[in-house]
Amino acid sequence: MGKNATFRVGIYARVSTLEQRTLPMQIDKMKKYVKDRGWMVSVKVEDIGSGTKERPKRDEILRAARRREIDAVVVWKLDRWGRSLVDLVTTLKELSELSVGFVSLTEALDLTTPTGRAMTGLLAVFAEFEREILRERVKAGIAQARSKGGRHGRPKTAALRIDQIRKLKRQGLSHSEIARRLSIGRTSVRRLLKPSVRPR
């Protein structure tokens, strides 16, 4: 970017369905921050979701970064951006590799500065710590199940219902409808029906 070029920013605002009234406040604060720094809002994305894992529109910001359409991302709070600590670090690492800055107003985290960028390394340490804790919990759970003579791994609920699945398929139901009726995943339905498909 040239010396006199405008610093382009993508702002990302996310609220739960119960917090929708705070959305205008988040956006106003972020726009003011961008203006005060002499930057320009190039992309504005709003996400409303009911679950902590839901970020359906966040990819719009990431795609803009990959296309070099923005120079930084501004968010209201870190937990609005990251689905988890691991996800947060992964996306921040990608932005860093794209030379796209990141600012979170609530935590005063500014990865457009050398001091702020040093924080990314610290976040990565915490993310690895989180992964290690999860791995240890899984190992402990498996060990406990084995000690009691139990099975471990995901239950094969879908495979046990193959006859019902095939029967519903013969009745002309779609994979989605079968999955809905039997409360199993659509992918499982498709996988279990695949061997029964024969060319005519």
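The values are calculated or read from the model by the stated rules, or taken from the named source; none is laboratory data. All figures in this text were calculated on a predicted structure; none of them were measured in a lab. We place every Cβ from the backbone using ideal geometry, glycine too, and count neighbours over all the protein chains shown.
The table below gives the values:
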item: Of all residues making up the range 93-112, the number that are among the β-branched types (Val, Ile, Thr) and out of contact with any helix residue (DSSP H, G or I) (no Cβ under 8 Å at 6 or more places or on another chain); result: 1
item: Filter pass, residue 33 being surrounded by fewer than 19 Cβ atoms within 10 Å (Cβ to Cβ) and among the hydroxyl-bearing types (Ser, Thr, Tyr); result: yes
item: Set 60, 54, 69: member being in a loop (DSSP other than H, G, I, E, B), assigned by TED's automatic domain parsing to the domain that holds residue 105, at pLDDT 90 or above and among the charged types (D, E, K, R); result: 69
item: Sole exception among (1) surrounded by fewer than 17 Cβ atoms within 10 Å (Cβ to Cβ); (2) at pLDDT below 80; (3) not polar (S, T, N, Q) for residue 172, by number; result: (2)
item: Tabulated pairs, the range 1-27, first within 19 Å of residue 83 (Cα to Cα), second at pLDDT 90 or above and of a type in the set (S, T, N, Q), C-beta under 7 angstrom, 6+ apart or interchain; result: 10/42; 13/26
item: Exclusive hit being outside the structural domain of residue 78 (by TED's automatic domain parsing) and either closer than 30 Å to residue 78 by Cα or at pLDDT 70 or above (or both), set 141, 121; result: 141
item: Matching residues, the range 96-107, being in contact with a strand residue (DSSP E or B) (Cβ under 9 Å, 6 or more places away or on another chain) and modelled with pLDDT of 90 or more; result: 100, 101, 102, 103, 104, 105, 106
item: Subset of the range 175-194 (residues that are crowded, with 16+ Cβ neighbours inside 10 Å, within 25 Å of the chain's Cα centre (by Cα) and in a helix (DSSP H, G or I)); result: 179, 188
item: Test: residue in the range 70-85 that is out of contact with any strand residue (DSSP E or B) (no Cβ under 8 Å at 6 or more places or on another chain), under 18 Å from residue 104 (Cβ atoms), crowded, with 17+ Cβ neighbours inside 10 Å and in contact (Cβ under 8 Å) with a residue 40 or more places away in the chain; result: yes
